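The values are calculated or read from the model by the stated rules, or taken from the named source; none is laboratory data. Here the structure is a predicted model, which means the values were calculated and not measured. We place every Cβ from the backbone using ideal geometry, glycine too, and count neighbours over all the protein chains shown. Each accessible area value is taken on the protein alone, full model and side chains, heavy atoms only, with ligands, DNA and RNA left out. Shrake-Rupley method; radii C 1.70, N 1.55, O 1.52, S 1.80 Å.
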Amino acid sequence: MKQALTILLLSIICVGAFAQQSTLVNDVAISSVNQNGNWLSYGRTHSEQRFSPLTQITKENVSSLRPDWYFPIPNSRSLVSTPLVVDGVIYFIASLNVVRALNAETGEELWSFNPRVGTIAPGRMRAGWDNSRGIAIWEGKLFVATWDGRLIGLDRNTGEQLWSTQTIDPDLAMYITGAPKAFEGKVLVGNGGTENGPNRGYVTAYDANTGEQVWRFWIVPGNPAEGFENDAMEMAANTWTGEWWRHGGGGNSWHGWTYDAELQQLYIGTGNGSPWNRKIRSPFGGDNLFLDSIVALNPDNGEYLWHHQNTPGETWDYNSNMDIVLADLSVEGETIKALMQAPKNGFFYVINRINGELVSAEKITEVTWASHIDIETARPAELPGVRYESEPIRISPGPVGAHSWHAMSYNPNTGLVYIPSIHTSTIYGDTGIDTETFQRGQWRLSTGVNQRPGGSTRNDAPASLQAWDPVRQEQVWEVLADNTWNAGTLTTTTNLLFQGRADGYLVAYDAETGQELWNYDLGLGISAPPITYSVAGKQYLALLVGWGGSMAALGGRGAAQRGWSYGAQERRLIAFSLSGTLDLPRQAPPLVPEPLPSSDFVVNADLAAEGGREFNGTCSMCHGGGAIAAGIAPDLRASGIPLSREAFETVVRNGALSSNGMPIYRDLTDRQLESLRHYIRAQAESALTQ
Ligand code: HEC
């Protein structure tokens, strides 16, 4: 009797504890707009709309949002990812690819998983960054793609590792920052690396249960002498000239993977050329397929279906790795199964995703490389001189793009897309670069282009949040921003729009008018998009707060001035609700590190010049161009370590800080180490005397 009672009690407790745990995370669930308050994949549903049907938070009450719980994230910095929520558990990836599961009502940690990138692959960290844009879930498994190229399957309930697959040749300077995409029992991932060496991009699908490769699609053709992998590569090879394969070709797909459950197609956003300058990689011209394109693939076997190339023969670091958003649009009385994208090149594209036909394309910012896109031919009308043939030229947009990976959202009620857009230009040129003999090795930043900032293209603001009508292809409203690196957006069925900004504010807008309804100062730059979910009838708004991404690496003085310097403020996951009562501990104030004076270190100008070339080909990736750090790594002008040869060697060549994300540089010679110290000190002294 007693035993029976215990069993009865136990089963009641179990039912209580697991009452929520009912969602089977598969294509049906991920496709459904109404999925129980969950957020099951990167863009919430397979459509990537970042649109939530939750109705508790409205225009009327949004100003009552308060922090409900928060989770401090130790040893983190650049946080750019989208958390996922399944049945009351929130999962997220932070710096160095550490994944955690928390109780989504309380913030209590359930488990964590550390893929130990710094100890397993300290040398490989020389390429890329440790910021990941997210994770994926399929049934009971959760997938993590690591900086050093591993795709790992975890048990979602325990965080235990089930399998691990290396997706990148360890000798190649490629890395992963993208959120893997789970569909049809498979997990897809690509990689970045066009700037780090002569690399050739690809995406690969793996079996979600075993991690075994199912198929791979190469984005650009390899050496014809070795035979083409498929007909698509043979077709693509006709659009390349010279010995492109020696330069890798690029096209790396580091983000922008959308699965279309309705049409059973996969859309891959592809990258820019490797190197950037087309004169080098394809000297006699050519479109260079499939650079800067959207390629549709058969999800079963990775076979090519169709493509649309946004920028033929790209030569400006234009890529189409931005989110690809699916929606049914009513255009001139006809329903179009549309795919929408705002890639770097400044146009907003609407494409019929059944066949890849271009429906429309218009400029979302000043665009000076092309006058317009011809809808008949689906090709841009390029303007003269834009390929810096004879002299440097100012082009808008620059490599930062009119829109980068910061997610845009789409609200089917308003019919509008919400785009974090950027209005800057760059001066491109290749004077002094011998395009015929140009060569580069792995692990060094080099693009074959001389570039310098060309300034903002607008007097009123360097960036803005735009509400864009994809049918009429025009802006409906715009909110100006005083900085260029604002985070992705979220919209709800109550016609709210949320965005975190580089200045640390989380803001709610009326999605119809752009009127600001609420803001909250989080005391640290925001680079990750917010999500919303509900547990036990309560709606939450959650986001990661941790200034990051390439602007926090290479943003220069402007970004550094914000004061989100390395380690200065605490990185957090914060959940808001209408009944929240939490007083968030105050963040440390903005801090701009001061260069360290030293009367003992005498700079040798020749060594410093040598060191400058080394630094800006390797270290600048994290410590900033000109050694001006913008947040994801320490400002070395303010560090005492370069003052001591031994300490510098311990950190840089012997990897003393590799478990914290500082790569190991085993191959640097004594002279290179010395030259780096002299360069860093020269930069410190010059800043001190300014
Ligand atoms: C992928 C990013 C990345 C790259 C590339 C990188 N670093 Fe670092 N570095 C870091 C991070 C992160 C830290 C801080 C580690 C910590 O908190 O312990 C760091 C710390 C350091 C420090 C210690 C600073 C201090 O005061 O504690 C030195 C010195 C340094 N790096 C030099 C270099 C040099 C020289 C290069 C190029 C040869 C380089 N780093 C390239 C990320 C990077």
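Couple of notes before you dig in:
- Length added when fully stretched, ASN223-SER63, from 0.36 nm per residue minus Cα-Cα: 51.7 nm
- Two-site FRET efficiency, GLU262 against ALA647, from Cβ-Cβ distance with R₀ of 51 Å, rounded to 0.05: 0.30
- R0 of 25 Å, Cβ-Cβ distance ASP300-GLU334: FRET efficiency to nearest 0.05: 0.25
- Annotation for the range 23-47 versus the range 587-611: alpha-carbon center distance of 50 Å.
- Across the range 117-146, the residues whose backbone nitrogen lies under 20 Å from the label position 7 Å along the beta-carbon direction of THR210 are 138-144.
- Available extension along the chain between GLN56 and LEU591 is 188.8 nm, counting 0.36 nm per residue and deducting the alpha carbon span.
- Only beta bridges with both residues in the chain are counted; by DSSP, about 95 percent of them are antiparallel.
- Label zone at ASN459, where the point sits 7 Å out along the Cα-to-Cβ direction: the range 328-368 residues whose backbone N lies under 20 Å: 365-368
- Each of ILE176, SER644, THR239 was scored by the projection of its Cα onto the charge dipole of the chain, and the greatest displacement toward the positive side belongs to SER644; charges sit on the C-beta of Lys, Arg, Asp and Glu.
- Listed residues ILE354, ALA378, VAL367: farthest to the positive end of the dipole of the range 329-437 (Cβ charges): ILE354
- Per-residue [θ]222 nm for the chain (sum of -39500 (n - 2.57) over DSSP H runs n ≥ 4, rounded to 500): -3500 deg cm²/dmol
- Residues in the chain average 36 Å² of solvent-accessible surface per residue, probe 1.4 Å, ligands and nucleic acids excluded.
- Virtual spin-label span in nm between ASP600 and ASP155, 7 Å along Cα→Cβ: 5.4 nm
- Under the span-like rule (Cα at least 18 Å along the axis, Kyte-Doolittle mean at least 1.6), DSSP H helices of the chain: 2-18
- Here the range 24-139 is assigned +1 on the Cβ of each Lys and Arg and -1 on the Cβ of each Asp and Glu. Its dipole about the Cα centre then comes out at about 580 debye.
- Here each label is just a point 7 Å from Cα along the line to Cβ, and for THR119 and SER164 those points are 1.1 nm apart.
- Just so you know, the Cα atoms of the range 605-688 work out to an Rg and Dmax of 11.5, 33 Å.
- Alpha-carbon centroids, the range 294-318 and the range 427-465: separation in whole Å: 24 Å
- Given +1 at the Cβ of Lys and Arg, -1 at the Cβ of Asp and Glu and no other charges, the dipole of the chain around its Cα centre is 1480 debye to the nearest 20.
- Dipole in debye (nearest 20) - the range 605-688, about Cα centre, beta carbon charges: Lys, Arg +1; Asp, Glu -1: 120 debye
- The range 103-129 versus the range 225-289: alpha-carbon centroid distance in Å: 31 Å
- Heavy atoms of SER599: accessible area, 1.4 Å probe, square angstrom to 10: 110 Å²
- The fraction of accessible area contributed by carbon and sulfur in the chain is 50 percent, rounded to a whole number (1.4 Å probe; ligands and nucleic acids excluded).
- Look at the dipole of the range 24-88 built from charges on Cβ: of SER52, PHE71, VAL28, the Cα furthest out on the positive end belongs to PHE71.
- Most simply put, the range 78-144 has about 95% antiparallel DSSP beta bridges, counting only bridges with both residues inside it.
- The chain: translational diffusion in µm²/s, Stokes-Einstein, Kirkwood Rh over Cα pairs, 10 °C, 1.306 mPa s: 62 µm²/s
- Most tightly packed first, judged by the mean number of other beta-carbon atoms within 10 Å of their residues, the peptides 77-83, 634-640, 366-372 read 77-83, 634-640, 366-372.
- The alpha-carbon atoms of the range 359-406 define a convex hull whose volume equals 93 cubic angstrom per residue.
- Figure note: ARG458, ARG100, ARG66 ranked by solvent-accessible area, largest first, 1.4 Å probe, ligands and nucleic acids not counted: ARG66, ARG458, ARG100.
- Modelled this way, with points 7 Å down the Cα-to-C-beta line, the labels at GLN439 and ARG557 are 3.8 nm from one another.
- Theoretical FRET efficiency, 1/(1+(r/R0)^6), r = Cβ-Cβ of SER390 and GLU366, R0 22 Å, to 0.05: 0.45
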